[in-house]
Amino acid sequence: MYILGIESSCDDTAAAVLKDGDTLLSSVLSSQDEIHSRFGGVVPELASRRHLENIHPIVSKALHEANIALDDVNLIATTQGPGLIGSLLVGFSYAKSVSYRTGIPFIGVDHMAGHILSVLLEQQVEFPFVALIVSGGTSSIFRVDGYNEFQHLGRTRDDAAGEAFDKVAKLLNLPYPGGPHVSATAGNGNGSAIRFPRARLEEGSLDFSFSGVKTAVLNHCNQHKQKNQELHIPNICASFQEAVVDILAEKTLKAAELQGIKTLVLGGGVSANNRLRQELKTRCTKAGYNLHVPSPSLCTDNGAMIAFAGYHKFQLLGQMEYDEDVYSRSILG
Ligand code: KG4
């Protein structure tokens, strides 16, 4: 069985071909970083226009690299949400039209399910597990009992972790996308230099809030500028990163403890952050938990995770109706 996976939820157009739910034959991606970098963030209208130009060449390239023709495909899986509506509509409508014309079944997949399951493409992980998914659009903790069984335990109430990294980068005049630049600059700084606040919310809550730490960085910069004091950018980056990593790690381990689960999974673009990987690893080892982290190409948005999640959803539900539509907020759990 050949599964074509298509992803267009934000600013990357991606496609992949998966065979029999376990062998990845191709995975290609076209990034739009050069378009959005001069605006310091994703411009939705520009993103959807570029998806329109890219979608057919990217799908053709994925089929070509997998050495198969469209007629060989048995299932088209595509991201249905969450994400930018205009961007999602390009991949979803493309998949529907190809399915309608060829008769190949199609299925819409939740982007979060893709991130949660991506590690299973390359590692053996036993259910149930607790997953921390952190990206530019989301920060959530899930309990996962099977390929189609997700329970949302915690989510961000304002900014996503990656969004906070990107906004802090912007106010420090670092290039876009900011996460990797803040993280690289933090490597030359001291994470204990400035004590930025950790939002702990109500007792027992597994939700996150990152707008406070972002504002604290802004206030720190403004106060120093008013006093004509020089800013120590590496220390600001390291201390900000420390605050975000601390709260992500604390809540994820708390979730595992409350659920009585000893297997943890990390996913989403921010999981490329070395400090986060290192801190989670240290805390998991100390608590006797197993941590599974996918390789970097599976952490960021990609078509392979959509093909994989789509394959398992199709086993459960079969072909999707053509009147299904995209959505902007995750419907998982
Ligand atoms: O999952 P992803 O590729 O896509 C979207 O959410 O669209 O995640 C991208 C996010 C961006 O906010 C980016 O700044 C962040 O992940 N990111 C990082 C790092 N690498 C990427 N954040 C912190 N440290 C990193 N090393």
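Numbers below:
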read-out	value
Number of the exception - Asp145 against (1) touching a Phe, Trp or Tyr at 6+ places or on another chain (Cβ under 7 Å); (2) farther than 22 Å from Leu280 by Cα	(2)
Qualifying residue in the stretch 29-36 (condition: assigned to a loop (DSSP other than H, G, I, E, B) and under 30 Å from Arg155 (Cα atoms))	yes
Of residues in the stretch 8-34 being free of Cβ contacts under 8 Å to residues at least 60 places away in the same chain and within 14 Å of the ligand (Cβ to nearest atom), the one farthest from Ala304 (Cα to Cα)	Gln32
Extreme residue, nearest to the ligand (Cβ to nearest atom), among residues of the stretch 114-124 that are under 15 Å from Asp145 (Cα atoms) and open to solvent by 10 Å² or more (accessible area, probe 1.4 Å)	Leu120
The stretch 74-113, residues that are aliphatic (A, V, I, L, M), in a helix (DSSP H, G or I) and either assigned by TED's automatic domain parsing to the domain that holds Phe150 or within 16 Å of the ligand (Cβ to nearest atom) (or both)	Ile85, Leu88, Val90, Met112, Ala113
Search result, residues across the stretch 125-169 that are touching a His at 6+ places or on another chain (Cβ under 9 Å), open to solvent by 30 Å² or more (accessible area, probe 1.4 Å) and either within 16 Å of the ligand (Cβ to nearest atom) or not assigned by TED's automatic domain parsing to the domain that holds Lys254 (or both)	Gly137
Residue within the stretch 311-326 that is under 25 Å from Tyr176 (Cβ atoms), surrounded by fewer than 22 Cβ atoms within 10 Å (Cβ to Cβ) and of a type outside the set (Gly, Ala, Ser) present	no
In the stretch 280-297, the residues that are within 16 Å of the ligand (Cβ to nearest atom) and among the hydroxyl-bearing types (Ser, Thr, Tyr)	Ser295, Ser297
Test: Glu34 is surrounded by 24 or more Cβ atoms within 10 Å (Cβ to Cβ) and among the acidic types (Asp, Glu)	no
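One line per residue, one yes/no per condition, for (1) outside any helix (DSSP H, G or I); (2) within 14 Å of the ligand (Cβ to nearest atom):
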site: Ile236; (1), (2): no, no
site: Gln241; (1), (2): no, yes
site: Leu266; (1), (2): yes, yes
site: Arg275; (1), (2): no, yes
site: Gln278; (1), (2): no, yes
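Here is a yes/no grid of residues against (1) within 15 Å of the ligand (Cβ to nearest atom); (2) over 17 Å from the mean Cα position of the chain (by Cα); (3) open to solvent by less than 60 Å² (accessible area, probe 1.4 Å); (4) in the same structural domain as Ile35 (by TED's automatic domain parsing):
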{"site": "Ala186", "(1), (2), (3), (4)": "yes, yes, yes, no"}
{"site": "Leu201", "(1), (2), (3), (4)": "no, yes, no, no"}
{"site": "Phe208", "(1), (2), (3), (4)": "yes, no, yes, no"}
{"site": "Val217", "(1), (2), (3), (4)": "yes, yes, yes, no"}
{"site": "Gln226", "(1), (2), (3), (4)": "no, yes, no, no"}
{"site": "Glu257", "(1), (2), (3), (4)": "no, yes, no, no"}
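The values are calculated or read from the model by the stated rules, or taken from the named source; none is laboratory data. Treat the numbers as computed from the prediction; the structure is a model and nothing was measured. A quick note on method: Cβ atoms are made from the backbone with ideal geometry, for glycine too, and the neighbour counts reach across all protein chains shown. For the accessible areas, the whole protein counts, side chains as well, though only heavy atoms, and no ligand, DNA or RNA atoms are used. Shrake-Rupley method; radii C 1.70, N 1.55, O 1.52, S 1.80 Å.
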